[in-house]
1. Is it the case that Lys126 is closer than 26 Å to Glu15 by Cβ, open to solvent by 40 Å² or more (accessible area, probe 1.4 Å) and among the basic types (Lys, Arg)?
2. In the set Phe93, Phe51, Phe89, which member is within 11 Å of the chain's Cα centre (by Cα), modelled with pLDDT of 95 or more and under 16 Å from Val25 (Cβ atoms)?
3. Which residues, counting only those in segment 80-123, are open to solvent by 30 Å² or more (accessible area, probe 1.4 Å) and outside any helix (DSSP H, G or I)?
4. Any idea which of Thr34, Thr41 is at pLDDT 90 or above and not in a strand (DSSP E or B)?
5. Test of understanding: among Gly67, Gly55, which residue is on the phi > 0 side of the Ramachandran plot, open to solvent by less than 80 Å² (accessible area, probe 1.4 Å), in contact with a Leu (Cβ under 8 Å, 6 or more places away or on another chain) and not aliphatic (A, V, I, L, M)?
Amino acid sequence: AEKLVKNISAFVPYEIYRRTNYSVVCETLGTSDTFFFSEKTTKPLLARRLFIMFGAVGFLANLRNLGFETFGKVINEHYDSIEDHVTRFDHAFEQCQWLSEQDPREIYSQIQGELEHNCNLIQTLKDKTLKQMHNLLRTKIPKLI
């Protein structure tokens, strides 16, 4: 019998998202000085979700440098620039607490443009990356394609 293997990292958990208002992203290298974003960040971008980042210092700034729009309009993103990990995460958690006391409809009404922009941009980056990978394979292994 053929076994189907599915990589869960490729799926957006829409059912969980439907039952919750916001996302908490704990990125892979949360205490590193390296910028690396994984499916943990990609999923809320694709699903048009507001998220609080528990990641490396400057993570949100690096996302903005890539063209993404973060949520400083509705939350205090100052935590992103705090060098000390414990203090940064404490401040990020304060934003989680604050959000839990807000009306999510009001919050989301203020950031619809950012959410749409981010979803479109992550789709564009995904398509561009796949095309680059395909072209690289075609030039390096022309007999296989």
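1. yes
2. When all the criteria are applied, what remains is Phe51.
3. Within segment 80-123, Glu83, Asp84, Glu101, Gln102, Asp103 meet the criteria.
4. None of the other options fit; the residue is Thr41.
5. Of the residues listed, the single one that is on the phi > 0 side of the Ramachandran plot, open to solvent by less than 80 Å² (accessible area, probe 1.4 Å), in contact with a Leu (Cβ under 8 Å, 6 or more places away or on another chain) and not aliphatic (A, V, I, L, M) is Gly67.
The values are calculated or read from the model by the stated rules, or taken from the named source; none is laboratory data. Here the structure is a predicted model, which is why all the values come from computation and not from measurement. Backbone-built Cβ (ideal geometry, glycine too); neighbour counts: all protein chains shown. Side chains included, ligands, DNA and RNA excluded: accessible areas come from the protein's heavy atoms. Shrake-Rupley method; radii C 1.70, N 1.55, O 1.52, S 1.80 Å.
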